[in-house]
1. Of the numbered conditions (1) more than 12 Å from the ligand (Cβ to nearest atom); (2) at pLDDT 95 or above, Ala161 satisfies every one except a single condition; which is it?
2. Criterion first (in a strand (DSSP E or B), buried (at least 19 other Cβ atoms within 10 Å of the Cβ) and modelled with pLDDT of 95 or more) does Val88 satisfy it?
3. Is segment 106-128 home to any residue that is of a type outside the set (Phe, Trp, Tyr) and at pLDDT below 95?
4. Sort out for me the helices (runs of 4 or more DSSP H) sitting completely within segment 3-71 that have 1 or more residues that are crowded, with 19+ Cβ neighbours inside 10 Å and within 14 Å of the ligand (Cβ to nearest atom).
5. Does Ser173 satisfy the condition of being more than 15 Å from the ligand (Cβ to nearest atom), loosely packed, with under 10 Cβ neighbours inside 10 Å and in contact (Cβ under 8 Å) with a residue 12 or more places away in the chain?
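The values are calculated or read from the model by the stated rules, or taken from the named source; none is laboratory data. Worth saying up front: this structure is predicted, and the values here are computed from it rather than measured. No Cβ is skipped: glycine too gets one built from the backbone with ideal geometry, and neighbour counts run over all protein chains shown.
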Amino acid sequence: MKDLLEVMRGRRSVLRFKADPIPEGDLEKILEAGRWAPSYANAQPWKFVVVRDPERRRALGALVERILVFRPGRVALAALGLGDAPVVIAVAVDPVRDPLHHLEAGAAATQNMALMAHALGYASFWAGVAGRREVEREVKRLLGLPRSWRVVALLPVGKPAYEPEPGQRLPLSEIVVQEGLP
Ligand SMILES: Cc1cc2nc3c(=O)[nH]c(=O)nc-3n(C[C@H](O)[C@H](O)[C@H](O)COP(=O)(O)O)c2cc1C
């Protein structure tokens, strides 16, 4: 098992996947990582919808194809391989179970699952859904989720079809301030 910081640094958004299936034991570990995310008052307001059906995956893929791809120095529309991943996990949350912090809870679970997937040798990327209400509505319709729920992310998981470029982050000196802004 890799060191935690190594896993965090090494995880990259990978947009294309091989079709190789994910063994059930690995998928369960990824979902288990989501289960252990923190949530406000331990409300655990989430459902992780595991989508394997190829038609449904492709329909989800078509919805998020409109999503912008952010790469260093550019933003472009790209055809994403979400529909090709053997499994797509939709992270949904029920605001009734936690009216205050359901989105953050879903985000924590999404990141836990992305990290576990990477630690197990799989690729994923976080397709943001909560910020796009029309896409979100369509995702809920497709997956039969209540309209009152929110969908935080779609997380395709599979073996990477290419080697991603190294990650880039701002240096700590630019993002850490001591005690407060002057
Ligand atoms: C809330 C959120 C929404 C995102 N939405 C998209 C998206 O719509 N399309 C996309 O290609 N990547 C999306 N990403 C992935 C980011 O673009 C990616 O994490 C970022 O560029 C850093 O690259 P890395 O994940 O390889 O380190 C999203 C990530 C987060 C956390």
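1. Exception for Ala161: condition (2).
2. For Val88, the condition - in a strand (DSSP E or B), buried (at least 19 other Cβ atoms within 10 Å of the Cβ) and modelled with pLDDT of 95 or more - is met.
3. Yes: segment 106-128 contains one or more residues that are of a type outside the set (Phe, Trp, Tyr) and at pLDDT below 95.
4. Helices (runs of 4 or more DSSP H) meeting the threshold: 54-64.
5. Values: more than 15 Å from the ligand (Cβ to nearest atom): yes; loosely packed, with under 10 Cβ neighbours inside 10 Å: yes; in contact (Cβ under 8 Å) with a residue 12 or more places away in the chain: no.
For Ser173, the condition - more than 15 Å from the ligand (Cβ to nearest atom), loosely packed, with under 10 Cβ neighbours inside 10 Å and in contact (Cβ under 8 Å) with a residue 12 or more places away in the chain - is not met.
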